[in-house]
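Trainee: There's a structure below that I have some questions on.
The values are calculated or read from the model by the stated rules, or taken from the named source; none is laboratory data. Keep in mind the model is a prediction, meaning the values are calculated, not measured. Each accessible area value is taken on the protein alone, full model and side chains, heavy atoms only, with ligands, DNA and RNA left out. Shrake-Rupley method; radii C 1.70, N 1.55, O 1.52, S 1.80 Å.
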Amino acid sequence: GGQRPAPSAPPGQPQGESLQLLLRRSQEAKNCAYCPYSRFPVGAALLTASGEIFSGCNVENACYSLGVCAERTAIQKAISEGHTSFKAMAIA
């Protein structure tokens, strides 16, 4: 069998300008990262179905299992504010 074509973006999928904003917000979130052990800052930005953006960064801890990645931080912030449906995420 041949390769199947990539599906087109579903209706309501974020496009151009909103994706650029999402990427910019993920890059800005890196500035808040707390990563004294890995020295590897990560930022994430999550776009909700209602169009809000929640950002997050990685937060390390001397006890490794207590650290949190940027993606989880953004997701937890959104859910704690009542958002449970998401369109896209950017990670920098």
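Trainee: Report the extension gain between CYS32 and ILE79 in nm, rounded to one decimal, defined as 0.36 nm multiplied by the number of residues separating them, less their alpha carbon distance. Walk me through the intermediate numbers first.
Mentor: Working: separation 47, 0.36 × 47 = 16.92 nm, distance 2.01 nm.
Additional length available on full extension: 14.9 nm.
Trainee: Still on this model: Is the C-alpha gyration tensor of region 16-91 telling us rounded, prolate or oblate? Criteria: a/c under 1.5 is rounded; beyond that, a/b larger than b/c is prolate, otherwise oblate. Mind showing how you got there, number by number?
Mentor: Values: a/c = 3.28, a/b = 1.57, b/c = 2.09.
In terms of gyration-tensor shape, oblate.
Trainee: Further question: Using a 1.4 angstrom probe on heavy atoms only, work out the carbon and sulfur share of the accessible area of region 16-91 in %.
Mentor: Values: 2580 of 4780 Å².
The C+S portion of the solvent-accessible surface of region 16-91 is 54 percent.
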